[in-house]
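To keep things clear, I will list the structure first and then write my remarks on it.
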Amino acid sequence: MKQVAFSVICVILGLAKRVGARVLIASTSEVYGDPNEHPQTETYWGHVNPIGPRACYDEGKRVAETLSYAYMRQEGVSVRVARIFNTFGPRMHMNDGRVVSNFILQALQNDSITIYGSGKQTRSFQYVSDLVDGLVALMASNYTQPINIGNPVEHTIEEFALIIKDLVGTKSKIVELAAVEDDPQRRRPDITRAKIYLNWEPKIPLAEGLKKTILYFAKELQRTKHSQKTSFMQPSYKNDHDIVEQL
């Protein structure tokens, strides 16, 4: 993954140099690793295990930032770097394995809501429209340093599971599984830069965003079940004439 990140960003930056384009680097809060600083400011260099199971993603994003600023200094390429924190919203893939998708899907199906570890680790979740507003503001700005785009309201994973359980109205139990190696224990953005330089901060409360996302997931589940049901009811045709008659 690191090699892919390196190769792709080199191509993009080279193209931007040739055509004079501005490049948005969609970086991540994962560049901070399992942080010792809390909340995380953009000047924090991070606490990353470079050989751990999460390292390919973390280091891939870090190298993308490094290359981007090298191109900016040496070649004059215009770059904007957004360090994106946990984001959710409608049209997420239901089976992407992320905590929001997992919890909502499990709750809607009355399955056990599975937490990895004690559930005391924290995350900060922003709604997708807030992220989009932040990225648009960043690209329109003259600010060239990395900037956190995230919601500074922090919840433990256990609290987050309980919020979703309550919003769905499910009878799902919350079950703890073995902790994931190198799972960050705290994650919360300092968005001072975004407020000052972009005049941006998130607007959508967590519960409001989750309600919209839960509704989307519920409709997708219903649509998927309907598709599976109708796939077993397809008529059999003897020839093309029969097909035309059915149409």
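We did not get these values from a lab; they are worked out from the coordinates using the rules stated. What you are looking at is a predicted structure, and each value in this text was computed from that prediction instead of being measured. Note that we place each Cβ from the backbone using ideal geometry, even for glycine, and neighbour counts take in every protein chain shown.
Tabulated data for the structure shown
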item	result
Residue list for the stretch 36-70, filter: surrounded by 18 or more Cβ atoms within 10 Å (Cβ to Cβ) and touching a Gly at 6+ places or on another chain (Cβ under 7 Å)	Val48, Asp58
Total residues in the stretch 116-134, condition in contact with a strand residue (DSSP E or B) (Cβ under 6 Å, 6 or more places away or on another chain) and closer than 20 Å to Ser78 by Cα	1
Residue pairs meeting the criteria (Cβ under 8 Å; at least 6 apart or on separate chains; first touching a residue at least 40 places away in the same chain (Cβ under 8 Å), in the stretch 75-100; second in a loop (DSSP other than H, G, I, E, B) and of a type in the set (A, V, I, L, M))	Ser78/Ala21; Val100/Met92
Unmet requirement for Thr144, which otherwise passes all of (1) under 16 Å from the mean Cα position of the chain (by Cα); (2) touching a residue at least 60 places away in the same chain (Cβ under 8 Å); (3) under 17 Å from Ser27 (Cβ atoms); (4) not in a strand (DSSP E or B)	(1)
Single residue of the stretch 166-203 satisfying the filter (crowded, with 19+ Cβ neighbours inside 10 Å and of a type in the set (A, V, I, L, M, F, W, C)) that is nearest to Gln40 (Cα to Cα)	Ile191
